[in-house]
Amino acid sequence: MQTKNQVLSRHKKQLRTMQIVISMAFVTLLFLLAAVFANPAGVLAQGGPKTETKYMTVRTFPLENGKSIDEVIIHGPSKPPAGYEAERASVIIPNPSAAAKTLTVPAYNWVFGCSAVSGSMIAAYYDRTGYPNMYTGPTDGGVMPLDNSVWGTWSDGVDTYPNIPLAASRNGVDGRYTRGSIDDYWVRYESAAKDPFIAKGWVEHAWGDAIGDYMKTSQSKYNNRDGSTSFYTWTSDPGPLTCADMVVNKIHTRDGTYGRKLFYEARGYTVTDCYSRKTSNTIAGGFSFANYKAQIDAGRPVMINLAGHTVVGVGYNDPNTVYLHDTWDYSTHSMKWGGSYAGMQMQSVSIVNPASSSGGGFNSQFNGSAAGWAGVKGAWTNYASMYYRSAGLANKVASAKHANNYKNFAYVVRMKRSGACVSCANHIVIRGKPASLALDFNWQPSYVFQYNNKGQFSVWKISSAGGKTALKAWTSSAHIVKNGWNTLKVIANGASLKFYINNKLVWSGSDLTLTTGQVGFGFRRDGRAGSLDVDWARLSMLGAEALPFDEADGQGMELPADAADATP
């Protein structure tokens, strides 16, 4: 029989054992919490050793399903590496053909990180081609410029950099009067110090207008030193690592590709394709030159990751030439698909494509297809599988229409007029009714935005009876490229109408007469020969769904007969 002391001794031993178990569990919990907070992105903790080159760090993370993911941190140089001047020579872009195509993509200089700048170039391209909410700042009427010279430069005390608010915001730039990306995150290139907002106890700025924020560029809490961005790909699978895969594997909060998706969505756009993928030179069956061409043909620039630098693919020339913007100047350069540029081998692509619209918009490239389009008057053909072309009608208006009716939208068309008549009008038309034509074959009713090769533009309203009112009479504009390619854009949002030529706002006004209708383009010629080539046409919705045909109201105010002195 146990004595009282023996019972007490046994209880004390049990209590000590429980205390040891609880202490070990608490220590384990502390280690787990430390791992979580040290790795906010949720990347698998058990990664392989890091492989570091001058401008890139690679680490492989195994997954439970037997596959693995590569983490690639790119911290490309802020200036071009020496010794590659000949390789970086600027190129002359060839004329468009079946073997060559180049998109008009803005070119920006390095600031904050090459990946963020590349992301801003692509977003700026979309801003200029039918996605006007990508940039809404005060510069150039709310349209991102083709280069960053308008914003000047700044210095961190070591180097001088340009301002690019779409890549990285900064207090005092582009109408901003609070701290932004550079104020909160930047110390100096390659700095691994804590971000200033952490070190100084600031409240981090709210994200919204800079794509670099969403890409986690230069953010120490995501293990990105200044100038760097993280990307993930499958290690040995040649297929795409989709954004859905990133969420499943808990890497989406750090991945630059996923960050681009978040930015587009924050600007109000739906994303369709979203993935990263190794290129065919690094793995058999990877993203190929044919895949790249398909993206360019669809009007989509491609983010290309090299072994230590990110660039933007803007065009191609068969059999294997890539045209690119490299973040170091405003020129266009070239490299061979699967080759190297500035001493850095091609590695992967980051694909994030916004949907054409939220409900029935379109992105018509006319590369072998004119789906959704039909001629109203005049013969229209998909010429050489490159352009939508018409030779027009003598002393009449030839036009083509898109199938649907639209209410609030951004509509952009790139066109070129040839022929001897420099005063003849070339136009885009919105909120129109092509089923009802005036004697000269103008749509009635409609709004018509037009230019000519004399360098003039005008805006007209045509009533349902065919009467014409000049909302903006013929006016000279230096923004028109005479006898060359011109991009016409209209942003129609309720009564607000804004008209752009080559992304320069030329006139804005308010009119409530026409609220919905079809869109199209066309031109007038005299008795001499002439033609209109349309390179592409895009429409993005601004918050209203596409309407079926019979919902177009088609009603315009009756106008005095003398309102038609100048015929569109």
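The values are calculated or read from the model by the stated rules, or taken from the named source; none is laboratory data. Owing to the predicted nature of the structure, the values given are computational and were not obtained by experimental measurement. Ideal geometry is used to build each Cβ from the backbone, glycine not excepted, and the neighbour counts take in all protein chains shown.
A few comments on the model shown:
- Among the residues of region 277-300, those identified as surrounded by fewer than 18 Cβ atoms within 10 Å (Cβ to Cβ) and more than 30 Å from Ala370 (Cβ to Cβ) are Thr282, Ala284, Gly285.
- Note on region 410-429: among residues that are touching a residue at least 60 places away in the same chain (Cβ under 8 Å) and among the hydroxyl-bearing types (Ser, Thr, Tyr), the one that is farthest from Val397 (Cα to Cα) is Tyr411.
- Any chance Thr178 is closer than 28 Å to Arg277 by Cβ, of a type in the set (Ser, Thr, Tyr) and not in a helix (DSSP H, G or I): no
- Qualifying positions in region 232-269 - in contact with a Gly (Cβ under 6 Å, 6 or more places away or on another chain) and buried (at least 17 other Cβ atoms within 10 Å of the Cβ): Pro238, Arg260
- With respect to (1) crowded, with 17+ Cβ neighbours inside 10 Å; (2) outside any loop (DSSP other than H, G, I, E, B); (3) hydroxyl-bearing (Ser, Thr, Tyr), the lone exception for Thr272 is condition (1).
- With respect to being loosely packed, with under 13 Cβ neighbours inside 10 Å and farther than 27 Å from Met541 by Cβ, Ser510 falls outside the description.
- Residues that are buried (at least 17 other Cβ atoms within 10 Å of the Cβ), touching a strand residue (DSSP E or B) at 6+ places or on another chain (Cβ under 9 Å) and free of Cβ contacts under 8 Å to residues at least 24 places away in the same chain occur in region 164-172; there is at least one.
- Residue within region 361-373 that is part of a strand (DSSP E or B), closer than 24 Å to Cys274 by Cβ and either of a type in the set (Ser, Thr, Tyr) or free of Cβ contacts under 8 Å to residues at least 60 places away in the same chain (or both) present: yes
- Candidate set from region 342-391 (those that are under 21 Å from Arg300 (Cα atoms), touching a Leu at 6+ places or on another chain (Cβ under 8 Å) and hydroxyl-bearing (Ser, Thr, Tyr)); member that is modelled with the highest pLDDT: Ser356
- Yes/no for Pro81 being outside any helix (DSSP H, G or I), assigned by TED's automatic domain parsing to the domain that holds Asn249, surrounded by 16 or more Cβ atoms within 10 Å (Cβ to Cβ) and at pLDDT 95 or above: yes
- Options Ser288, Ser276: the member that is among the polar types (S, T, N, Q) and without any contact (Cβ under 8 Å) to a residue 60 or more places away in the chain: Ser288
- Residues in region 318-330 that are in contact (Cβ under 8 Å) with a residue 40 or more places away in the chain and either closer than 18 Å to Pro96 by Cα or assigned to a strand (DSSP E or B) (or both): Asp318, Tyr323, His325.
- Top-ranked residue of region 331-343 - restricted to ones that are out of contact with any Ser or Thr (no Cβ under 9 Å at 6 or more places or on another chain) and assigned to a loop (DSSP other than H, G, I, E, B), ranked as nearest to Ser118 (Cα to Cα): Ala342
- Considering region 441-482, and only residues there that are within 14 Å of His427 (Cα to Cα) and polar (S, T, N, Q), the residue that is farthest from the chain's Cα centre (by Cα) turns out to be Asn442.
- Scanning region 84-129 for residues that are without any contact (Cβ under 8 Å) to a residue 60 or more places away in the chain and surrounded by fewer than 15 Cβ atoms within 10 Å (Cβ to Cβ) yields Glu85, Ala86, Ile92, Asn95.
- Residue within region 248-265 that is under 30 Å from Gly137 (Cα atoms), in the same structural domain as Arg176 (by TED's automatic domain parsing), touching an Asp or Glu at 6+ places or on another chain (Cβ under 6 Å) and not in a loop (DSSP other than H, G, I, E, B) present: no
- Matching residues, region 381-401, being surrounded by 14 or more Cβ atoms within 10 Å (Cβ to Cβ) and in a loop (DSSP other than H, G, I, E, B): Ala384, Met386, Ala391, Gly392, Leu393, Lys396
- Any hit, region 32-44, residues being modelled with pLDDT under 90 and under 19 Å from Ser348 (Cβ atoms): yes
- Residue within region 467-478 that is at pLDDT 95 or above and under 24 Å from Tyr388 (Cβ atoms) present: no
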